[in-house]
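Visitor: Before we start, here is the structure in question, set down as structure tokens.
Each reported figure results from applying straightforward, stated rules to the coordinates on display, with no laboratory input. The model shown is predicted, which means the values in this text are computed figures rather than measured ones. Reconstructed Cβ throughout: ideal geometry from the backbone, glycine too, with neighbour counts over all protein chains shown.
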Amino acid sequence: MNRPIASSASALVRRTLRFVAPSIGQPSRATLLIRLGVGGVFLSSGIVKFLFDNQGPGRFAKIGLPDATQLAYFVGTVEIVCGALLVLGLFVRLAALPLIVDMGVAIVTTKLPLLFGAGPEPVAAMPKTGFWAFAYQGRLDVTMLVACVFLAAVGGGLWSLDAILSRRRWEGRLMGDPRVSAEAPAR
């Protein structure tokens, strides 16, 4: 009778330890969720820059960036291409790098000024300036920046086209190695 209770208790302990025990080795399959979320945000953000003037050229002009139309379309293209690469899990580390720059520039040009007064974009609700305005208005940008740094550091994870290509590359090298591909010597 105590057996089911003991086994369910040990199962509970195993599940709990899974969340508190440190992970070692390769990033988990959960990296897929990060890739999909970050890639989806950049993909939609890039598309919106082409569809709506107030989110593309108009916004860039309001911020005071030079050549607002060309810059907005360039940034939109980068966000679409790199966001799609993240979703696919292809060249993830490389695709994350321009997005890190993208988020760094966005934070410096639109969020950091809130620390010192009114920024280039009007803030509708309180707080309008200071640390809390920066923290609130910059939360998505900072999150995307940190997530892109994470992806640049760990790569696409186990469920990505990068992982499939890497496995194929290593299998090819391994099978081309004469120590592995040679027939076993007769005894």
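Visitor: Please compute the contact order of the stretch 51-114 in relative form: average sequence separation of alpha-carbon pairs under 8 Å and at least six residues apart, divided by the residue count, as a percent. Before the final figure, lay out the partial values.
Guide: Values: 37 pairs, mean separation 14.5, N = 64.
Rounded, it is 23 percent for the stretch 51-114.
Visitor: Hey, another quick one. Let's test the formula: R0 of 45 Å, r as the Cβ-Cβ distance of SER166 and PHE116. What FRET efficiency results, to the nearest 0.05? Could the numbers behind the result be given before it?
Guide: Details: r = 46 Å, r/R0 = 1.02.
So the FRET efficiency works out to roughly 0.45.
Visitor: Moving to a separate point now. Could the peptides 99-106, 162-169 be put in order, highest first, of the mean number of other beta-carbon atoms found within 10 Å of their residues?
Guide: Details: 99-106: 18.2, 162-169: 13.8.
So the order, starting with the most tightly packed, is 99-106, 162-169.
Visitor: Taking the Cβ of GLY157 as the centre, find all other residues whose Cβ is under 15 Å away and add up their charges (Lys, Arg: +1; Asp, Glu: -1). Don't skip to the answer; put the middle values down first.
Guide: Values: positive: ARG29, ARG35, ARG93, ARG167; negative: ASP162.
So the surrounding residues net to +3.
Visitor: Further question on the same structure: When SER10, SER45 are ordered from fewest to most other Cβ atoms inside 10 Å of their Cβ, what list results? Numbers along the way, then the final one.
Guide: Working: SER10 10, SER45 19.
The order, fewest Cβ neighbours first, is SER10, SER45.
Visitor: On to the next question. Semi-axes of the stretch 28-164's equivalent ellipsoid from the Cα gyration tensor, sqrt of 5 times each eigenvalue, largest first, rounded to whole Å? Numbers along the way, then the final one.
Guide: Details: eigenvalues 158, 63, 24 Å².
Semi-axes from the Cα gyration tensor: 28, 18, 11 Å.
Visitor: Kindly state, to the nearest 0.05, the FRET efficiency for TRP132 paired with LEU90, given R0 = 35 Å and r defined as their beta-carbon distance.
Guide: Numbers: r = 39 Å, r/R0 = 1.11.
Efficiency at R0 = 35 Å is approximately 0.35.
Visitor: Could you tell me the relative contact order of the stretch 28-164? Use alpha-carbon pairs under 8 Å, at least six residues apart, and round to a whole percent.
Guide: Numbers: 194 pairs, mean separation 41.5, N = 137.
Once divided by the residue count of the stretch 28-164, the mean separation gives 30 percent.
Visitor: Among LEU145, ALA84, THR129, which residue has its Cα furthest toward the positive end of the charge dipole of the stretch 28-164, with +1 on Lys/Arg Cβ and -1 on Asp/Glu Cβ?
Guide: So the residue we want is THR129.
Visitor: Apply the Karplus curve 6.51 cos²θ - 1.76 cosθ + 1.60, θ = phi - 60°, to the phi angles in the stretch 47-63 and return the couplings in whole Hz, x for Gly and Pro.
Guide: Going residue by residue, I get 5, 4, 5, 8, 7, 10, 4, 5, 9, x, x, x, 5, 5, 5, 4, 6 Hz, with x marking Gly and Pro.
Visitor: Suppose R0 equals 35 Å; then what is the FRET efficiency for LYS62 and LEU33 from their Cβ-Cβ distance, rounded to the nearest 0.05?
Guide: Efficiency at R0 = 35 Å is approximately 0.55.
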